[in-house]
Amino acid sequence: MPHGFINDMLDVKLLILYITDKLLYPVDTQALYELCLQDDKLSYFDVMQAVPQMVESGHLTETEGGYVITEKGRETAKITKDSLAFPVQQRASRAVERFNREVRRQSFVRTEILEQPNGEALAVMHLDDELGNLFTLEYACPSPRQAAFLTKAFPARADKLYQLITETLLAKDEAEAEN
């Protein structure tokens, strides 16, 4: 028998409230399940059953971007947060922090593919920060398939690419260093 602190549907709902209260962004059901997976007794079906019930009760609402906690949900989360086992709270808090960081990071990366009349494509990749665009890279590709490959790889490497470009541009050439 699995060990854990989640024993019934009420515990599942308390965990969902705890998590959604800390989220800075809407969340889909798959991501919510992954955030809730902080206890061996919790199952995917528990979360899938609890979420519609919580929408119906007014604790969560579904938006275009996913589920968010309502004011009623926040009030309930505040009252019941101590009902959730401390180890589960700690693991859930760390998972939510990672999720919030990743969603925030992804919001700064944009890509698009512009197909050209000659069958080639232009992969356009942007890296932004809170103040605006840091850099835009336009990469001419022989095919839309290659452009898709580049735009898919860019988000995971955008920071590293920005750092490499900056270091390269600011580095002194060996010839300059000798003079």
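Numerical summary
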| quantity | calculated |
| --- | --- |
| Descending semi-axes in Å of the stretch 9-106, equivalent ellipsoid built from Cα gyration tensor | 17, 16, 13 |
| Helix-only mean residue ellipticity at 222 nm for the chain, each DSSP H run of n ≥ 4 adding -39500 (n - 2.57), per residue, nearest 500 | -18000 deg cm²/dmol |
| Dipole magnitude (debye, nearest 20) for the chain, charges at Cβ of Lys, Arg, Asp, Glu | 540 |
| Radius, Kirkwood style, for the chain when every pair of distinct Cα atoms is counted (Å) | 19.5 |
| Inter-label distance, nm, simple model (7 Å from Cα along the C-beta direction), LEU114/LEU10 | 6.0 |
| Added length on full extension, which subtracts the Cα-Cα distance from 0.36 nm per residue, TYR44 to GLU97 | 17.0 nm |
| Spin-label pair GLU56/LEU37, simplified geometry with 7 Å Cα→Cβ offset, distance in nm | 2.7 |
| Unsatisfied cross-links (Cα-Cα over 21 Å) in the set LYS41/LYS78; LYS22/LYS81; LYS41/LYS81 | LYS41/LYS78 |
| The stretch 22-53 and the stretch 105-121: distance between their alpha carbon centers, rounded to Å | 33 |
| Approximate spin-label separation ILE79-PHE149, in nm, with each point projected 7 Å along Cα-to-Cβ | 5.7 |
| FRET efficiency for LEU170 and ASP129, using Cβ-Cβ distance with R0 set to 25 Å, rounded to 0.05 | 0.85 |
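Taken together, the values in this text are just the output of simple stated rules run on the coordinates, not laboratory data. Here the structure is a predicted model, which is why all the values come from computation and not from measurement. Reconstructed Cβ throughout: ideal geometry from the backbone, glycine too, with neighbour counts over all protein chains shown.
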